Structures are given as structure tokens and as C-alpha cells.
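The block underneath contains the structure these notes are about, expressed in C-alpha cells.
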Amino acid sequence: MLEIKNLHVKLEDEDKQILKGVDLTVEAGKVHAIMGPNGSGKSTLSYVLSGRDGYEVTEGEATLDGEDILEMEPEERAAAGLFLAFQYPVEIPGVGNMTFLRTALNAQRKARGEDEISAGDFLKLVREKAKTLKIDADMLKRPVNVGFSGGEKKRNEILQMAMLEPSMCILDETDSGLDVDAMKLVSEGVNALRDEGRAFLVITHYQRLLDHIKPDVVHIMADGRIVKTGGPELALEVENNGYADILGEVA
Amino acid sequence: MALAQVKQNTTDARLDALTLPEGEAGWAAEARADALTRVRGMGLPGRRDEYWKFTNPESLTQPVAPRAAIFKYEDEAPAFDQIERLRIVFVDGVFDPAQSDDLAMDGVEITRLSDAMAKDIHWVRDLYGVLETRGQTPVARPLAALNTAFATDGIAIRATGKAAKPIHLIYLHEDETSDAILHHLVKVEEGAEVTVLESGPAAARFNKCMEVEVADTGRFHHVRTQGRDHERRAATHVFSRLGQESTYKSFTLTANGVMTRNEHVIEMTGDDAVAHVAGAAMGDGASGDFHHDDTVFITHDAQRCESRQVFKKVLRNGAEGVFQGKILVKPDAQKTDGYQISQALLLDEDSSFQGKPELEIYADDVQCSHGSTTGAIDDTALFYLRSRGVPESRATDLLVLAFLAEAIEEIEDERLQDDIRTRLENWLERRRQG
């Protein structure tokens, strides 16, 4: 589904190389986790894949279902099925959460040549999905993420994911700022979306999120590269021994 | 040539092109003559005047109105057409009874100004030119005095109870060279309530003055749209005086127009009065020049009054925005609560915004705050929306709407809020598909 080959990325305004040849293939139906110390390039990878400004791809490629996504606008990537759950979801005062969700859903449908969803069907759908994530009517009415707690923001990300039904979901440190209960709720939301046609790339510092969202493959990223790949046991190794051991071993 | 001489010549040339109405009652002729004396004394505005530094008044003061093409609104529903209202139509500044509704309505008396000026109606006499005169100090507003002297038409409204429905003043523009001067009076009696709506370009050049007296516990609501006409010019003034526990709320939506200067002069003379003025303006220099100026002066002259000014402008393609807002708190106006915010969203580097917030406070127990910001679209928010599949142009419009929302929320009546919001969304959508 997602195929990244020899991806090199630098900051647009600075002569600073962040990704130095990332190779990664995520198959449909699988959950891949990327772990790694601060500054290893995990978040940059997620931003570059979703099309955020400020980065320059100097070498390599990234395709989603065979299509080159690096040439696409962010909205085209979304319509093609890519979704990034933000580490820091953005507050947008003045734009209602419901308006936002409906506009996004309809824009994607339109881009794919599908009919817009009717107001009634949309309402039914959003209420149903919100309920399982314990998002109340008030949160849906409020401006996007404004006044939301850390946990509410992350749940709101998962709600968007559930509504938009992307095929490739990237979760960027979705566990940061979550208490145990919120982490459970968010994980349940993610697990409910696990499906043969859908893949996940879960970026995290800690093993604990992976207790809830069980990965098929775990990658360790360091200094802009994937340095080690293994099964779920690799996450436990990080938890027990820290990154230093693994990195030492690789070096 | 000396500056004073230039001003004198400009004033003379403009006044020579106008004639005082005839056949009016003695008091009216006197009010006109007084106003003419005021204009001559002040002279028409020039670029060197403190309150015209950011706006060139030339096209508003020149003897003949610059030509303005007639704008076709074919693809747009008339403003407020979903709202049950009493319609009063002016075509190029002349009342048109044929297109207007019957002026009789429960809770209000409505008279055509030219009829009222021929009679001796006490509340008309006590209001016409009176608030305008008060509003001439400390800052001169010569175009308003000119209006009082020469206004040829207008409407006089007296609310004695709760008006059965809003009164909608519809200004149609059919003559490319029309130069309209309208003067309206609104008297809201004790405990009464009325809503006045306004829409339309009115003329190639429009000088409008409205005097609003709100008695104790009276409530006045004002919502207007200044439409999409690219070439129209307008100088408007609202002078109001507020009694005890009265309410005054005014909102203006503007899109396009070569030149717009909207002035509000509000005097709070009764304790516990509330005045909210708000404006949302969208200007696109690509459709023709766009210059929009909001000038507000609020005087607190009573205790525990609350005033709010919320002005937002979205500018692109070389559009120019101006805000001059003042809060004056007199020595006895203790417990004043004054708030003022003016913000501009510049969608490119060619557009500009000039803001001049002023506070002048002589009382010691007051709460006054003001803020002014100029900025671009928030890139992070834009990316967030796009990452969810919202195309860039649509995402920008959502953020534009969000930016203007605070001003629109100042409208109390939710139906009117919806009407304004829908209109704005349609304008944005039309531009997107442009």
C-alpha cells in the first residue's frame, strides 16, 4: 500500500538533511510502528508524506497504491486515502467541528467523483462514530479543537479518521499527552478501524501505546533512517533496554 | 495655492452644484440653513485633515459624481428576502412608492422625509440635524452637515412600541451618474424596539446620514449589506444618542465598492446603555479599486455603559482597509466598559490596512481595552484543513468566514445572522468558481 524508497529530505530553508534514505513498505491490513529517539526524523516523515510545506525531497520516492504522492497537493493525498493524525491537532477558532467534518468528507467524495453525503446521513454517521469515542454533542458543535483538552483533541483526530475512512493512516505520537483512560479510548477507536484494506503507521516513543494497538511490524528509526525492523518483540526490547543498546548494536 | 484656499474652492464648487430644497416648513428651512453654515465653516474634507489621512475624500467631495456602471445581481437573491419585513424602496436616491410596501405598521409611524419636512412634527423637528450637529465636535464631519443641508429624500421612523417587523430600506441603482443624498431619522421611544435593515448601492455616489435617538430602555437594531457593486462610492454617517438602559446594535457587511466611508458617532447619555457596532468587509482589488474606511467615535457620558466595536476586514489584490475608532470616556462616566477590536486579514502582500485605535479616558474607575491586528492566513490551520481533503481555496474561505465570524455574531437576531452568513458564503463560493 505505502511504499517509501530511499527517501531523502532536507529542510527547505536550511541546509539540514533530516531523512537520509528511508526505506519502508507497509502492506494493506497491517499495522507498522516506528519508534525512535527524539530528532530521529519520525515526525518529519509523517509531515513529508502528508504534504506539509517547509521540506524538500532531494532523493527517493513515496507511493500510495502505486501513485506518486510526493507530487500531490495535501488535499489530493487525503482524497487518495492518506490520513495523518497530528501530534498537535490544530485549533481553528470560528470553524465548527461539524462544518469541518462535513466539508472535508464532501470534498474528498467530490474529488473521487462520488456524490456528496446528505445532511441527514452525515448527522447520523457522525453521531454514531462520536458516541463510540465518547465525543459529546457539545464537542461536535464547538470550533475545531478550541478549548479541547489534550485527550479530546486526540479523540477528535480519531473521529476524523473514522469519518473519512482513509486507507493509509499515519498516527504521529497519538499517545503524547494522553492519560491511561484516554489512551485506551483512542486505541479502541483505532482498533475498530483495523481492516484488511487499511494500513496503519504508528509513530511513537513508547511501547505502551503498542500494548493497545498491536503492531505487526516494528521499525526503529535513528538519524533519518530505519535502522532495525522486527516483530512486536522489538518494541519490548526498546522498553526494557532503551534505544542506546539497539543503536549501539546497529552501529 | 494655500491649503485653506484649496479647501475653500473644493467646498464652493461642490455647494454650487447643489440647491436647497424649497417649500419646506420654517423650522426645516432654518435647519437646512444652519447646516449650510456649518459646512461653509468647516469646509469639505481634504487629505490633510486628521481624520482623512488614510482615505482620499476627493471622489466624495467633487461636484459631480464619478460614473458607476450598473451592477447586475441576476445570480443573487435580494438581501433579507427570507425575512418578513416592510420594504421601502429608493431608486437612485428617490423614494419609489410603487415598489414599496404600505408604510403603515403596528408599533411604528413611518413618514417620507420630504412630507415630514413640510409639516411641523415635534419629534422630527427635535431630531433633524440635531444629533448630526452634536456629532461635529470634537471631530468635524462636513459630509454629514452637507447631507443635512441638501438631503432630498429619506424616511422618518418613530417606534412607539415593538415594531411588528423589521423595516428594510432598499437602495436601487439604475442611473450611472446618480448622486444620491438621503437622510433618515429614527426615534425609538421609551421601551420601544425597531430593526432597520439596509441594502443596495443606492447610486453612483451615495451620501447617507441617519440620526437615531433611542429613549430610555428603547432598543434599536441595524443590519446592512453594502453589496458587490464594484464602482459605487458611499459616505455614510450614523449619529445616535442613547438613553438609560437602552440598546443600540449595528452591523455592516461590505463587499466591493471603489470607496466606502462608514462613520458611526454614538453618544451614551443615559446610565446602563449598551452600544455594539460591528463590521465585516471583504475587498478584492482585482474587481476594481477597493477602499473601505470604518470611522467610529463613541462617547461615554453616563455611568455603567457598555460599548463594543468589532471590525474585521479581509483584503486581497491591493485592497485597502482603514479603521479609526475612538472611545471617549467623560469624567463622570464611571464603571464604563469599553471594548474595541479591529483586525485585518491580508490575503496577499499587495493589500494594506491602516488602523488608528484611540482611547481618551477622564474617569478613573473604568474598564477599556482595545486591540488591532494585521495578519495573513494561518498556514498551520490551512494545512490542517487541506490534510483532511479540503482544497486550498475552500480552506482559505473557511478561514475567512471564521475570521469574520466574531463580527457577524454581534447581530442579535439569528435569522439575520443566518442571512448575512449565507450571503457571505455565496459570495465566497461565487468567487471560487469565478
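The values are calculated or read from the model by the stated rules, or taken from the named source; none is laboratory data. As the structure is a computational prediction, the values presented were derived from the model and not from experiment. Glycine also receives a Cβ, built like all others from the backbone with ideal geometry; neighbour counts cover every protein chain displayed. With ligands, DNA and RNA removed, areas are computed over all heavy atoms of the protein, side chains included. Shrake-Rupley method; radii C 1.70, N 1.55, O 1.52, S 1.80 Å.
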Would you mind stating whether residue B:179 is in contact (Cβ under 8 Å) with a residue 40 or more places away in the chain, open to solvent by 10 Å² or more (accessible area, probe 1.4 Å) and under 17 Å from residue B:18 (Cα atoms)? yes
Residues of the stretch B:244-260 satisfying the condition of being more than 14 Å from residue B:300 (Cβ to Cβ) and either aliphatic (A, V, I, L, M) or surrounded by fewer than 24 Cβ atoms within 10 Å (Cβ to Cβ) (or both): B:245, B:247, B:249, B:253, B:254, B:255, B:258, B:259
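Would you check which residues across the stretch B:173-188 are touching a strand residue (DSSP E or B) at 6+ places or on another chain (Cβ under 7 Å) and within 26 Å of residue B:32 (Cβ to Cβ) and list them?
Passing the criteria: B:179, B:180, B:181, B:182, B:183, B:184, B:185, B:186, B:187, B:188.
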Of the numbered conditions (1) out of contact with any Gly (no Cβ under 7 Å at 6 or more places or on another chain); (2) at pLDDT 90 or above, residue A:137 satisfies every one except a single condition; which is it? (2)
Exactly one condition in (1) open to solvent by 60 Å² or more (accessible area, probe 1.4 Å); (2) over 30 Å from residue A:168 (Cβ atoms); (3) in contact with a helix residue (DSSP H, G or I) (Cβ under 8 Å, 6 or more places away or on another chain); (4) not basic (Lys, Arg) is not met by residue B:412; state its number. (3)
Has the stretch B:52-61 got at least one residue that is closer than 30 Å to residue B:416 by Cβ, open to solvent by less than 40 Å² (accessible area, probe 1.4 Å) and part of a helix (DSSP H, G or I)? yes
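Name the helices (runs of 4 or more DSSP H) wholly inside the stretch A:136-234 in which the number of residues that are more than 14 Å from chain B (Cβ to nearest Cβ) and under 30 Å from residue B:405 (Cβ atoms) is 1 or more.
A:137-141, A:150-164, A:180-193
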Within the stretch A:1-119, helices (runs of 4 or more DSSP H) holding 3 or more residues that are in contact with a strand residue (DSSP E or B) (Cβ under 6 Å, 6 or more places away or on another chain), within 14 Å of chain B (Cβ to nearest Cβ) and in contact (Cβ under 8 Å) with a residue 24 or more places away in the chain: A:42-50
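From the list A:142, A:127, A:155, which residue is crowded, with 22+ Cβ neighbours inside 10 Å, of a type in the set (D, E, K, R) and out of contact with any Ser or Thr (no Cβ under 7 Å at 6 or more places or on another chain)?
Details: A:142 fails: crowded, with 22+ Cβ neighbours inside 10 Å; A:127 fails: crowded, with 22+ Cβ neighbours inside 10 Å.
Every option except A:155 fails the conditions.
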Kindly list, by first and then second residue, each pair from a residue in the stretch B:19-43 that is open to solvent by 40 Å² or more (accessible area, probe 1.4 Å) to a residue that is outside any helix (DSSP H, G or I) and among the aliphatic types (A, V, I, L, M), limited to pairs with Cβ atoms under 7 Å and residues at least 6 apart or on different chains. B:42/B:140
Out of A:197, A:147, A:189, A:151, report the one residue that is on the phi > 0 side of the Ramachandran plot and small (Gly, Ala, Ser). A:147
Got a number for residues in the stretch B:379-395 being hydrophobic (A, V, I, L, M, F, W, C), under 16 Å from residue A:79 (Cα atoms) and facing chain A (nearest Cβ under 7 Å)? 2
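Tell me, which residue of the stretch B:324-349 that is over 14 Å from residue B:376 (Cα atoms) and charged (D, E, K, R) is surrounded by the most Cβ atoms within 10 Å (Cβ to Cβ)? Break it down stepwise before answering.
Applying the first criterion (over 14 Å from residue B:376 (Cα atoms)) to the stretch B:324-349 yields B:324-342.
If we keep only those that are charged (D, E, K, R) too, we end up with B:326, B:330, B:332, B:335, B:337.
Values: B:326: 21, B:330: 17, B:332: 11, B:335: 16, B:337: 15.
The selected residue is B:326.
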Considering the stretch A:44-96 alone, what residues qualify as being surrounded by fewer than 20 Cβ atoms within 10 Å (Cβ to Cβ), under 17 Å from the mean Cα position of the chain (by Cα) and among the hydroxyl-bearing types (Ser, Thr, Tyr)? A:63, A:88
Only one of (1) open to solvent by 30 Å² or more (accessible area, probe 1.4 Å); (2) in contact (Cβ under 8 Å) with a residue 24 or more places away in the chain is not met by residue B:321, so which one is it? (1)
